[in-house]
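Contents: one structure, followed by commentary.
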Amino acid sequence: MNMFFMLFANLMPFLYSTSKKPLWVFINSPGGDIFQGLAIHDFFKALRNHGIEINIVGMGLVASMAVSILQAGTRRYAFPNTQFTVHQASLTGGGDRQQEVNEVVEQAKELERLNEIVLETIDERSGMNMEELKRLSKKTDYSVSAESAKRFGPNGLIDEIVTTFPFSLNG
């Protein structure tokens with residue numbers, strides 16, 4: 001089942017309630033499909049633009065598209081041992097099937113376009129210069145700790161490191 005559809009279906013009761021409580025999302029993900037990730041990122045931003053406070057807590061591993069999704073939160077948190085990985089966009093598939101040159105060239109152009117979109121979601125919130133982002137992610141994964149993520153660019157990948165839940169557990 002599509003991850004965005006599952007998320008949307010689970011959030012519908014919250015969206016139609018009259019509660020003004022913030023929405024809390026926990027993310028521990030190696031990333032995933034670019035298009036599903038962008039759908040979730042845009043959905044969270046639309047909620048924010050509609051006045052809904054959406055706070056995202058990173059834990060464990062927040063990598064690839066998960067970093068982009070995290071940037072859509074009103075507030076971005078992480079536990080101290082959370083690890084973050086930023087890298088260039090990639091597409092999967094193909095396997096052993098043969099591809100013609102024009103097909104490979106078209107895929108490369110599309111991947112470059114998608115890479116710009118994904119890195120822009122990080123640049124927009126973290127304040128990291130796009131050229132620096134491209135340089136850091138060019139050849140390999142760029143992995144950082146929660147403390148380094150807080151200092152990533154002028155605004156960081158996260159706003160705050162927490163050692164307990166940043167909300168009341170008793171209502």
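Please enumerate the residues belonging to region 119-151 that are touching a helix residue (DSSP H, G or I) at 6+ places or on another chain (Cβ under 7 Å) and touching a residue at least 60 places away in the same chain (Cβ under 8 Å).
Selection gives Thr121 alone.
In region 43-55, how many residues are within 13 Å of the chain's Cα centre (by Cα) and open to solvent by less than 40 Å² (accessible area, probe 1.4 Å)? It would help to see each step written out before you state the result.
Filtering region 43-55 down to residues within 13 Å of the chain's Cα centre (by Cα) leaves 43-45, 55.
Now narrow it down to the ones that are open to solvent by less than 40 Å² (accessible area, probe 1.4 Å): 43-44, 55.
Matching residues across region 43-55 total 3.
Out of the residues in region 18-42 that are part of a helix (DSSP H, G or I) and open to solvent by less than 30 Å² (accessible area, probe 1.4 Å), state the one that is farthest from Asn170 (Cα to Cα). Quick ask: steps written out before the conclusion?
Taking region 18-42 as the starting set, the residues that turn out to be part of a helix (DSSP H, G or I) are 34-42.
Narrowing the set further to residues that are open to solvent by less than 30 Å² (accessible area, probe 1.4 Å) leaves 34, 37-38, 40-41.
On the way: Ile34: 36, Gly37: 31, Leu38: 33, Ile40: 28, His41: 29 Å.
Here the residue is Ile34.
The values are calculated or read from the model by the stated rules, or taken from the named source; none is laboratory data. Just so you know, these numbers come straight off a predicted model, no measurement behind them. Backbone-built Cβ (ideal geometry, glycine too); neighbour counts: all protein chains shown. Areas reflect the complete protein model, heavy atoms only, side chains present, ligands, DNA and RNA absent. Shrake-Rupley method; radii C 1.70, N 1.55, O 1.52, S 1.80 Å.
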